[in-house]
Amino acid sequence: MAENVSTTSSARRETFGGIVFRIYALRGWMQRAQKRLHLFRKNDVDIETNFREALREEQEDDEKSSGFMSFTVDEHSNTFYLWTGLVSLVALHPLVFTALSVFQDVHPFLRNTGPLNLLLDLVNILDLIAHTRIEYVENGVAVKNLSKLMHHRLKSTFFILDVIAVVPAESLHIFGDSFFWSRINRLTKCYRLFDFSTQTDTRTTSPHAFGLFKLIFICVVIFHWNGCLYFYISKVYNYTTARLEHWIFSYDKIINPILATCVTDIPNHRDFCDTDDLLITHLPENEVQFTVTDYMTTWENKTTTIKFANFFRQYALSFYWSALTLVTLGEQPSPCTTFQNAFEIGDTLLGLVIFAVIVGDVGNMVVAINLRKSEFENVLDGCKRFMVYRKVPNLLRKKAVEYFAYVWAHGGAQVDEEEIAEFLPPRLFGEIAVEIHMDTLKKVKLFESCDPRLLYELILKLQLRVYSPMDYICKKGDVGTEMYIVKEGFVEVVSEDGQTIFVTLPAGFVFGELSILNIPGNKNKNLRTASVRSKGYSDLYVLDKEDLWEALHEYPQAKDSLIQKGIQILEKDKMIDPNMVDDEDESFNGPIEDYMEHLEHEILKITKMIDQAEDKIHKSNQKMKTRLFGMEMDLVHEIKELLKENSWKRIARFADGVTVL
Ligand SMILES: Nc1ncnc2c1ncn2[C@@H]1O[C@@H]2COP(=O)(O)O[C@H]2[C@H]1O
């Protein structure tokens, strides 16, 4: 209950929605209170059990609410989009017919289609209900709780518009029989047309065409209402007595077409059809009456009139007047009263704004449609000028121009992928990239059993490159720095002179991997084993060696499996030498940080070895010194002995021996 009270207080806004919400919340609270009272009044007075039962009932209520009536609506779903389209059509009805009701001749039609109005009202009611179930996002999470959804809607201004639109004004006879006043409230539903437009804008693949359609639609609606208003004013000024030169509507301004029923061009009687009114206007005044009478007699019973309904003539002229006035293009009869003058001024001002908007909008659209194309053409022009300036041979110039044409035709230049990647959050862009490239990557044999996460990492690093016919992608003996996946087209693996084609690789195949995988025993080490060229135009995904190794660093198992596959390919071509010793330093791949770490490790190893060597030298020095000292001591002892004996001959022999030593 406390929760309900707090939500009620939050809804305490002096809006219509606030009041309705309070009634709704109070009703819910009353129902729950009644349920509890009922339980307490039962024979069993075990309060705890009653509470448990009450709680269980509430839970059951929640469970019940997972039934049909508990539906919620996802605003972005296709179903809701279609529903919005239907409601928009319904909203068009008052938009067209309330204004049209100023024409008397439309009234019988409006009366006859009365039952249709009930159907339209039903759609509006359903839309009102559906909107109380629209999911919304709160703190990043979609809210589906029914009472929250209801509360959310009640707080919205659009709820008031929905309610106004379903007020049955004609049934309440508030405005008598007037169609205009009894259905004008339905116009509040026009906001759904904007909803539909916004949703279509995000869905359509031709936003410019849709933008143009929207602009035309808005103009037509404004012309329609302005035309109807013009006719209403004409009614006030009694258009039945109006003449051609009057500002208001008159039938003289839109006469029914009169057609000749006889052959009008008789060769022997050329003057027969010469009824040019210019001739009459240039005649002297005294001859006009005579000439007119003459023509009338000539044409009597020789014409037929196509009759248009009065409503059609009234509406057509009013709409025409409205369009001409609003776009300030028409030469209209001058207004003759102050009110007509004021209306015309207002219309002209409105027309100026509309005209400015149309010109601006259409201009923007044309610029937007051609923006990419003109940017692309600028680059192409620049390239052509550059080639002329650098005196590039004609054949090469032709090739470059053809490349541009191919890239444009394939849509490659029509979108800036880097710009999109910068704009989108990395994860979302990653998901899109996975969606686009995963199929191609899955087809690649080399990655067949790879960890999907590794594929994901690789996809983010792929770059698309287009090659022209007979362009070399890599040459035999080059140092390999990247590998390629054929996305579209064919590539040929050829001999060094390009004369022998070893194999032609179609879409989904990988090449250039052997020289970047650092396969142990690879006779070619990191050099390309063959030349590869594009057969026609081909689109290739390029994966940089460093990027591949950076990704493989995290997936050692995938790395081993890739190397094993590489070994198998090389073994087939007898390009593996098992006795070959790899230069470890050269084979190091991966990011520079890892390489630094590796170097540090190596330095430590070397320092340790030097320390050990120093230690050894020191120890052997010690040994040597000890031995020398021992020998010296032996020598001194022997000399002493000899001196004692005074045997000079032996001393002399001993000295000779020491010298020899
Ligand atoms: N016989 C072959 N069959 C298929 N592809 C080959 C053949 N020989 C070389 N290649 C590919 O051509 C590429 C040339 O560069 P790499 O040596 O890096 O990797 C090589 C292989 O991907």
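Less than 28 Å apart at the alpha-carbon level, and either on another chain or at least 8 residues along: which lysines does that give for Lys625?
Within the straight-line limit of under 28 Å, Lys625 reaches these lysines: Lys608, Lys616, Lys640.
Is the shape of segment 425-573 best called rounded, prolate or oblate, per the rule: a/c under 1.5 gives rounded, else a/b larger than b/c gives prolate, else oblate, with a ≥ b ≥ c the square roots of the Cα gyration tensor eigenvalues?
oblate
In square angstrom, what is the accessible area per residue of segment 351-412 with a 1.4 angstrom probe? Don't skip to the end; give the middle numbers.
On the way: 4400 Å² over 62 residues.
I get 71 Å² per residue for this part.
Would you pull out the residues with amide H under 5 Å of Tyr136's amide H, same chain only if 5 or more places away, H placed 1.01 Å from N?
Val143
Which of Val102, Thr202, Asn112 sits farthest toward the positive end of the charge dipole of segment 78-203, with +1 on the Cβ of Lys and Arg and -1 on the Cβ of Asp and Glu?
Farthest along the dipole direction, towards plus: Thr202.
Between Ser468 and Leu352, what FRET efficiency comes out of the Förster formula 1/(1 + (r/R0)^6) with R0 = 51 Å and r the beta carbon distance, rounded to 0.05? Don't skip to the end; give the middle numbers.
On the way: r = 54 Å, r/R0 = 1.05.
It comes out at approximately 0.45.
Roughly how many nanometres apart are two label points built 7 Å out from the Cα toward the Cβ at Leu643 and Gln612?
4.9
Cut-off 15 Å, label point 7 angstrom out along Cα-to-Cβ of Glu496: give me the residues of segment 502-529 whose amide nitrogen falls inside.
In segment 502-529, the label zone of Glu496 (backbone N under 15 Å from the point 7 Å along Cα→Cβ) covers 524-525, 527-529.
Placing unit charges on C-beta atoms (Lys and Arg positive, Asp and Glu negative, everything else neutral), compute the dipole magnitude of segment 425-573 about its Cα centre in debye, rounded to 20. Write down the numbers at each step before the final one.
Values: 19 positive and 23 negative charges, 58 e Å.
Taking the Cα centre of segment 425-573 as origin, the dipole is about 280 debye.
Give the residues of segment 68-98 whose amide nitrogen is closer than 20 Å to a point set 7 Å from the Cα of Thr113 in the direction of its Cβ.
Residues 85-98 fall inside that zone.
In Å², and per residue, what accessible area does segment 425-573 have when probed at 1.4 Å with the other protein chains present?
Working: 7460 Å² over 149 residues.
Per residue, segment 425-573 has an accessible area of 50 Å².
Which whole-number percent of Cα pairs in segment 78-203 have a distance greater than 19 Å?
Tail of the P(r) past 19 Å holds 53 percent of the pairs.
What residues have an amide H closer than 5 Å to that of Trp247, excluding those fewer than 5 places away on the same chain, when H is modeled at 1.01 Å from N in the peptide plane?
Amide H neighbours of Trp247: Cys336.
Keeping all protein chains in place, calculate the accessible area per residue for segment 78-203 (probe 1.4 angstrom), answer in Å². Show your work: numbers first, answer last.
Details: 6510 Å² over 126 residues.
For segment 78-203, the solvent-accessible area averages 52 Å² per residue.
Run the accessible area of segment 154-270 with a 1.4 Å probe and give the carbon-and-sulfur part as a rounded percent.
C and S fraction of accessible area: 68 percent.
Please report, as a whole percent, how much of the solvent-accessible surface of segment 425-573 comes from carbon and sulfur atoms (probe radius 1.4 Å).
51
Long-range amide H contacts for Val166: which residues qualify at under 5 Å (H placed 1.01 Å from N, peptide plane, sequence gap of 5 or more or a different chain)?
Amide H neighbours of Val166: none.
Quote to one decimal, in nm, the extra length available between Val362 and Val141 on full extension: 0.36 nm per residue of separation minus the C-alpha distance between them.
75.6 nm
Under a point-charge model restricted to the Cβ atoms of Lys and Arg (+1) and Asp and Glu (-1), what is the dipole moment magnitude of segment 78-203 relative to its Cα centre, in debye to the nearest 20?
For segment 78-203, the charge dipole is close to 280 debye.
So for Thr298, Thr303, what's the accessible-area order with a 1.4 Å probe, most first? It would help to have the intermediate numbers written out before the result.
Details: Thr298 40, Thr303 65 Å².
From most exposed to least exposed: Thr303, Thr298.
Return the ratio Rg/(2.2 N^0.38 Å) for segment 336-390, where Rg is computed over Cα atoms only.
Details: Rg = 22.7 Å, N = 55, 2.2 N^0.38 = 10.1 Å.
Cα-based Rg divided by the globular estimate yields 2.25.
Normalise the Debye intensity by I(0) for segment 295-339, one equal point scatterer per Cα, no solvent, then take log10 at q = 0.15, 0.17, 0.24 Å⁻¹ and round to two decimals.
After summing over all Cα pairs, the log10 values are -0.66, -0.73, -0.88.
Under 28 Å from the Cα of Lys398, which lysines turn up, not counting those fewer than eight places away in the same chain?
Lys373, Lys384, Lys475, Lys476, Lys487, Lys535
The values are calculated or read from the model by the stated rules, or taken from the named source; none is laboratory data. What you see is a predicted model, and the numbers here were worked out from it, not measured in a lab. Glycine gets a Cβ as well: all are built from the backbone with ideal geometry, and neighbour counts include every protein chain shown. The accessibility values were calculated without ligands, DNA or RNA, using every heavy atom of the protein model including side chains. Shrake-Rupley method; radii C 1.70, N 1.55, O 1.52, S 1.80 Å.
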